Amino acid sequence: MRIVMCGPKTAALRLHLAKAGFAVTGVEDAEEAVSVLRHDEYDLVVLHSPPSQGECCRSIRALRAAHRSIPALVLCAEVHTHVVAALGHGADDVVDIGCAPEELAARCRALIRRSHGFARSRLTIGPLTLDIEAREVRVNDRPLRLTEREFAIVQCLALRHRKLVTRDSIVANLYASECDEPEGKIIDVFICKIRRKLAAAGAGNLITTVWGAGYRMDDQLAA
């Protein structure tokens, strides 16, 4: 799950979200966030609200004018003075910047799930059940052991159920910076290992290759 996080005072939260399994890109302000979003695909924007309510609303409006559908979470020091205006101008959630990092991570996951059409943290696709909060995968109600990278790939595919996910998109969800990115073929290796584990657990052929493009998770393929 990829996040753009705006604001110079969010370094500690960025680090926590990265440890919680998000690929986080940090930017200075909403204007830079809009520029980043024009060139790449993200799941969520987290905006640290300026002290001025008017400036906060302008930032949200600019974001919404450029990207109408991406979910947006606003962090602010005084929620009660910002929440009505922020929600009214297009924010999807408003959270106190002093909240527990675990709460912020949970709210981010919830917004991303809902944007992909899933209301609950537990996603069921054919014989596979993915619990995003618990970071657990089960097949036919039996636990399936995956590495952190494998879980991230399964999560990326499951959230985009029946939609094409490119290799570049999977790489971006796994690695927060270009410096960390491996060769593209490593994704094929990860997918091969995941397929073997799913097949051995009785999940059949849940993941299909779209040659020259990427991968798709589709429960209609499982057999």
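Report, ordered by chain and residue number, the lysines lying within cross-link reach of residue 197, taken as a straight Cα distance under 16 Å and ignoring same-chain residues fewer than 8 apart.
none
Could you sort the peptides 95-107, 150-162 by per-residue average Cβ neighbour count (10 Å cutoff), highest mean leading? The partial results should precede the final answer.
Numbers: 95-107: 14.9, 150-162: 20.2.
Highest to lowest by the protection proxy: 150-162, 95-107.
Would you kindly state how much longer the chain becomes between residue 131 and residue 80 on full extension, computed as 0.36 nm times their sequence separation minus their alpha carbon distance, in nm to one decimal? Intermediate values should be presented prior to the final figure.
Details: separation 51, 0.36 × 51 = 18.36 nm, distance 3.22 nm.
The span from residue 131 to residue 80 would gain 15.1 nm if fully extended.
Between residue 31 and residue 140, what is the label-to-label distance in nm when each label sits 7 Å out along the Cα-to-Cβ direction?
5.8 nm
Give me the Kirkwood hydrodynamic radius of the stretch 65-160 in Å, from all C-alpha pairs, to one decimal place?
Details: mean 1/r = 0.0664 Å⁻¹.
It is 15.1 Å.
At a threshold of 8 angstrom on Cα-Cα distance, excluding pairs fewer than six apart, so keeping six or more, what relative contact order does the chain reach in percent?
15 percent
For a quick check, take a GNM of the chain with Cα springs below 10 Å and name the residue from 139, 189, 74 with the largest mean-square fluctuation.
189
Work out how much length residue 102 to residue 200 would gain on full extension: take 0.36 nm times their residue separation and subtract the Cα-Cα distance, in nm to one decimal.
Working: separation 98, 0.36 × 98 = 35.28 nm, distance 3.38 nm.
Length gained, residue 102 through residue 200: 31.9 nm.
Per residue, how big is the convex hull around the C-alpha atoms of the stretch 122-221? Give it to me in cubic angstrom, could you? Walk me through the numbers on the way to the answer.
Working: hull volume 9.0 nm³, N = 100.
Here the figure is 90 Å³ per residue.
Helix 30-39 versus the longest principal axis of the chain: what angle, 0 to 90°, nearest 10, using Cα atoms?
Long axis of 30-39 versus the principal axis of the chain: about 30 degrees.
Give the cross-link partners of residue 19 among the lysines, using a straight C-alpha distance below 24 Å as the criterion and excluding same-chain residues fewer than 8 apart.
Hits, sequence-local ones excluded: 9, 193.
Length gain on complete extension for the stretch residue 64 to residue 116, per 0.36 nm per residue less the alpha carbon to alpha carbon distance?
Numbers: separation 52, 0.36 × 52 = 18.72 nm, distance 1.79 nm.
Length difference between fully extended and current span is 16.9 nm.
Could you work out [θ]222 nm for the chain from helices alone, using -39500 (n - 2.57) per DSSP H run of at least four and dividing by all its residues? Round to the nearest 500 deg cm²/dmol.
On the way: 8 runs with 95 residues, N = 223.
So the calculated ellipticity at 222 nm is -13000 deg cm²/dmol.
Please tell me the relative contact order of the stretch 122-221 in percent, rounded to the nearest whole number, where contacts are Cα pairs under 8 Å and at least six residues apart. Working shown, then result.
Working: 141 pairs, mean separation 29.6, N = 100.
Value for the stretch 122-221: 30 percent.
Any read-out appearing in this document is the output of simple, stated calculations on the displayed coordinates, not a laboratory observation. A quick note: this is a predicted structure, and the numbers were derived from the prediction, not measured. Positions of Cβ are backbone-derived with ideal geometry, glycine not excepted, and every protein chain shown enters the neighbour counts.
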